[in-house]
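Here the structure comes first, spelled out in structure tokens, and everything after it is commentary.
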Amino acid sequence: MKFSKILVANRGEIACRVMRTARTLGYRCVAVYSDADAEAPHVAMADEAVRIGAAPAAESYLNVAAILDAARRTGADAVHPGYGFLSENATFAQACADAGLTFIGPPAEAIAAMGDKAGAKRRMIAAGVPTVPGYLGDEQGDERLMAEAEALGFPLLVKAVAGGGGRGMRLATSAAELPEALAGARRESQAAFGDATLMLERLVEAGRHIEIQVFADAHGHAVHLGERDCTAQRRRQKLIEEAPSPIVTPALREAMGRDAVAAALAVGYRGAGTVEFIVDAQLRHYFLEMNTRLQVEHPVTEMLTGLDLVEWQLRVAAGEALPLAQDEIVFSGHAIEARLYAEDPYAGFAPQTGAVLHFRPADALRPGVRIDAGIVEGGRVAPWYDPMLAKVIAHGRNRDDAIRRLIAALEDAPLLGVANNGRFLRDLLDHERFRSATMHTALLDEWSSGDEPILQRPHPTEADWRLAAALFAGPKGWRPSSVAAFDLTLSCGGEARNMRVGAGAAAIEWQVDAHGRLRYTQDGITRHATLHRDDDTLHLARDAAVFVFREASPLPSAAKRNDPAIARASVAGTVARLEVGAGDTVLAGQTLAVIEAMKMEIRVTAGAAGIVTAVRVLAGTQVEAGAILMELDIEEAPCLPMTKPF
């Protein structure tokens, strides 16, 4: 079980994170990469790197044969799967073992046991671990599933028995919603995991998502490393995780820890794993599933315990016993992690792609702050993979300390060039519902359907407009007070203004250092911000919000992007399916096509009623943002085409 060279079968921040620890321990590292990642940070960090295929994950990071061949060619004798992709694929784990490679994770049998959600739930019932009532049967016809749903009662969750990460999961609040929920869950599960088998589970309303980190070795030892609260999530995707949970009592922690260890032992587990529970308003906990891998949010536990969980993984995989017994594990303070996603929270959380113009996490680093990133300034965010760009983690003496430090870190390390959720995370951390620990897993989804202020797009202030005008008007360095006044036209967020820039009391002095940090004096106060100037565009970041100002061009736009007669892809991705064909009559708001990008399905809807005159793409086609999907003959007064995530 000894090994010396580790192939990391992943990308992004987790590949970088695994390599950091592995190299510290003296292991050599091999990276694998797709065409989209040839210049990615994890490739540069590795001792060796091997191309394994084209950009789509199915042709690269999910290509088992290519990964095993890369290990053979480089002499790697161990494989770390990270999380996502093949990390919970029992066939891959077994293929590594068959090839003589040490798989840095649990045995294939344990992955298979917990990967079958229905089977895992049966095992937990046998082991005495409390579970949520549901249907686990083999009969998968709609008629049987609808009958079981009626017996369980609504609301309920339709869940894929394979995979995880929120894929293949739908909420049905009534019998009328169930057919669409079944169809959507089947489709997504088949596409993501190659298995359309479903299970039903009664929804625990107003519940909190609490998970327990467990570790087991090959010598019969198993421990838990406390809980993480992952209640702040949207569409079953986590946004903020913290430890300890603000609602977990010592007695509940002991009970959940005991049940989590029992769950691991029930399947002969080895290595790092996470047992997920839902906790109801009466603080009763129910088993949801076990993730047979390292979690995205593992840094929260690391900062709380002072332990390196990847080091533990490597030592256990090498045959060593767990470094500590249960009573030797110590928890200190409070830690919180926020996930920085390439998505626009103010446009239905639509996925975003493009160039990273400015991202310097070192600007935010201070004692108690950690940033794990898989992107660098000058790189590009592609549509092929998960939208998570980085994780910002803060540790403090207590919860208030951790929140304050995390907010400051988000403000001090803005990402410019690609729309992201940085400001939304900052506002969520400071929201009364988060600070008072009264959130539940469906709260953000409820906000998305209303007018919650946190989801209203921030707008530049009058001072921001004046600052932008001064930055467009003046040269780099201190703006001289003698420059004569003149006018220019700027736009930002759909608003255009004619700005008067001139000398006198209203003049703004500013300068930019080599790191893109702006220091300016306005209205007698000197402040700091972050900017990036690119031709006629200026990106200005303040308080974690990014405002993009443009100087108006005298030339008209060549692309009529708001024309309802043309349906365009709002994001780069794959055309998952076409809902209509040429000659079909459609109504305003009717779904025309579905784009899959960054683990989301985005509907493209008709901006007005009319007839489809042409379909320009096929299902399965890769398209860029703005690509023409269909053309329509409009019959009514037009309104703008709409796109929204499912």
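The values are calculated or read from the model by the stated rules, or taken from the named source; none is laboratory data. All values derive from a computational prediction rather than experimental measurement. Because the Cβ atoms are built from the backbone with ideal geometry, glycine has one as well, and the counts that use them run over all protein chains shown.
Does Ile611 qualify as being closer than 19 Å to Ala419 by Cβ and either modelled with pLDDT of 85 or more or part of a strand (DSSP E or B) (or both)?
Numbers: closer than 19 Å to Ala419 by Cβ: no; either modelled with pLDDT of 85 or more or part of a strand (DSSP E or B) (or both): yes.
Taking the combined requirement at face value, the residue does not satisfy it.
From the list Gly450, Gly417, pick out the single residue that is buried (at least 21 other Cβ atoms within 10 Å of the Cβ), farther than 15 Å from Ser245 by Cα and among the small types (Gly, Ala, Ser).
On the way: Gly450 fails: buried (at least 21 other Cβ atoms within 10 Å of the Cβ).
Residue meeting the stated conditions: Gly417.
Can you tell me how many residues within the range 604-620 are closer than 25 Å to Gly348 by Cα and surrounded by 14 or more Cβ atoms within 10 Å (Cβ to Cβ)? Let's see the steps before the verdict.
Residues of the range 604-620 closer than 25 Å to Gly348 by Cα: 604-609, 617, 619-620.
Checking which are surrounded by 14 or more Cβ atoms within 10 Å (Cβ to Cβ) leaves us with 604-609, 617.
Count: 7.
Only one of (1) within 24 Å of Phe349 (Cα to Cα); (2) among the acidic types (Asp, Glu); (3) in contact with a helix residue (DSSP H, G or I) (Cβ under 7 Å, 6 or more places away or on another chain) fails for Asp217. Which number is that?
(1)
I'd like to check something: does the range 213-233 contain any residue that is surrounded by fewer than 24 Cβ atoms within 10 Å (Cβ to Cβ), under 25 Å from Pro387 (Cα atoms) and not assigned by TED's automatic domain parsing to the domain that holds Gly348?
Checked the range 213-233: at least one residue is surrounded by fewer than 24 Cβ atoms within 10 Å (Cβ to Cβ), under 25 Å from Pro387 (Cα atoms) and not assigned by TED's automatic domain parsing to the domain that holds Gly348.
In the range 159-181, how many residues are within 17 Å of Met600 (Cα to Cα) and either in a strand (DSSP E or B) or of a type in the set (A, V, I, L, M, F, W, C) (or both)? Outline the logic, then answer.
Applying the first criterion (within 17 Å of Met600 (Cα to Cα)) to the range 159-181 yields 159-160, 163-171, 180-181.
Right, trim to either in a strand (DSSP E or B) or of a type in the set (A, V, I, L, M, F, W, C) (or both) and you get 159-160, 169-171, 181.
Result for the range 159-181: 6.
Is there a residue being touching a residue at least 12 places away in the same chain (Cβ under 8 Å), touching a Ser or Thr at 6+ places or on another chain (Cβ under 8 Å) and hydroxyl-bearing (Ser, Thr, Tyr) anywhere in the range 34-56?
So far as the range 34-56 goes, yes, one or more of its residues are touching a residue at least 12 places away in the same chain (Cβ under 8 Å), touching a Ser or Thr at 6+ places or on another chain (Cβ under 8 Å) and hydroxyl-bearing (Ser, Thr, Tyr).
Take the range 99-139 and flag every residue that is surrounded by 13 or more Cβ atoms within 10 Å (Cβ to Cβ) and over 28 Å from Glu211 (Cβ atoms).
Once the filter is applied, which keeps residues that are surrounded by 13 or more Cβ atoms within 10 Å (Cβ to Cβ) and over 28 Å from Glu211 (Cβ atoms), the range 99-139 yields Ala99, Leu101.
Yes or no, residue by residue, for (1) surrounded by 20 or more Cβ atoms within 10 Å (Cβ to Cβ); (2) in contact with a strand residue (DSSP E or B) (Cβ under 6 Å, 6 or more places away or on another chain); (3) polar (S, T, N, Q):
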residue: Gly374; (1), (2), (3): yes, no, no
residue: Trp384; (1), (2), (3): yes, no, no
residue: Ala390; (1), (2), (3): yes, yes, no
residue: His395; (1), (2), (3): yes, yes, no
residue: Asp430; (1), (2), (3): no, no, no
residue: Arg433; (1), (2), (3): no, no, no
residue: Ser436; (1), (2), (3): no, no, yes
residue: Ile454; (1), (2), (3): no, no, no
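In the range 42-91, how many residues are out of contact with any helix residue (DSSP H, G or I) (no Cβ under 7 Å at 6 or more places or on another chain) and either among the aromatic types (Phe, Trp, Tyr) or in the same structural domain as Ala272 (by TED's automatic domain parsing) (or both)?
Looking only at that region, the number is 1.
Check every one of the strands (runs of 3 or more DSSP E) wholly within the range 560-604 and list those with 1 or more residues that are under 26 Å from Ser189 (Cα atoms) and out of contact with any Cys (no Cβ under 8 Å at 6 or more places or on another chain). Before you say what the answer is, go through the steps one by one.
Working: elements: 566-568, 573-578, 591-597.
So the answer is 573-578, 591-597.
Looking only at residues that are of a type in the set (D, E, K, R) and surrounded by fewer than 17 Cβ atoms within 10 Å (Cβ to Cβ) in the range 1-27, which one is nearest to the chain's Cα centre (by Cα)?
As a first pass, look at the range 1-27 and keep what is of a type in the set (D, E, K, R): 2, 5, 11, 13, 17, 20, 23.
Checking the rest, the ones that are also surrounded by fewer than 17 Cβ atoms within 10 Å (Cβ to Cβ) come to 2, 20, 23.
Values: Lys2: 34, Arg20: 22, Arg23: 26 Å.
Restricting to residues being of a type in the set (D, E, K, R) and surrounded by fewer than 17 Cβ atoms within 10 Å (Cβ to Cβ), the top hit is Arg20.
Take the range 563-587 and flag every residue that is polar (S, T, N, Q) and either assigned by TED's automatic domain parsing to the domain that holds Ala342 or within 19 Å of Ile602 (Cβ to Cβ) (or both). Explain how you work it out, then say what you get.
The initial filter retains those residues of the range 563-587 that are polar (S, T, N, Q), namely 570, 574, 585.
Of everything in the range 563-587, those that are polar (S, T, N, Q) and either assigned by TED's automatic domain parsing to the domain that holds Ala342 or within 19 Å of Ile602 (Cβ to Cβ) (or both) turn out to be Ser570, Thr574.
Tell me which residues, restricted to the range 398-449, are among the small types (Gly, Ala, Ser) and in a helix (DSSP H, G or I).
We begin by selecting, within the range 398-449, every residue among the small types (Gly, Ala, Ser); these are 402, 408-409, 413, 417, 419, 422, 436-437, 442, 448-449.
Listed by number, the residues that qualify are Ala402, Ala408, Ala409, Gly422, Ser448.
Residues of the range 531-554 being of a type in the set (A, V, I, L, M), in a strand (DSSP E or B) and either touching a helix residue (DSSP H, G or I) at 6+ places or on another chain (Cβ under 9 Å) or surrounded by fewer than 17 Cβ atoms within 10 Å (Cβ to Cβ) (or both), which ones? Steps first, please.
Within the range 531-554, the subset of a type in the set (A, V, I, L, M) is 531, 538, 540-541, 544-546, 548, 552.
Going one step further and asking which of them are in a strand (DSSP E or B), we end up with 531, 538, 540-541, 545-546, 548.
If the condition is that a residue be of a type in the set (A, V, I, L, M), in a strand (DSSP E or B) and either touching a helix residue (DSSP H, G or I) at 6+ places or on another chain (Cβ under 9 Å) or surrounded by fewer than 17 Cβ atoms within 10 Å (Cβ to Cβ) (or both), then Leu531, Leu538, Leu540, Ala541, Ala545, Val546 are the ones that fit.
Tell me which residues, restricted to the range 308-334, are buried (at least 21 other Cβ atoms within 10 Å of the Cβ) and either outside the structural domain of Arg293 (by TED's automatic domain parsing) or of a type outside the set (A, V, I, L, M) (or both).
Trp312, Gln313, His334
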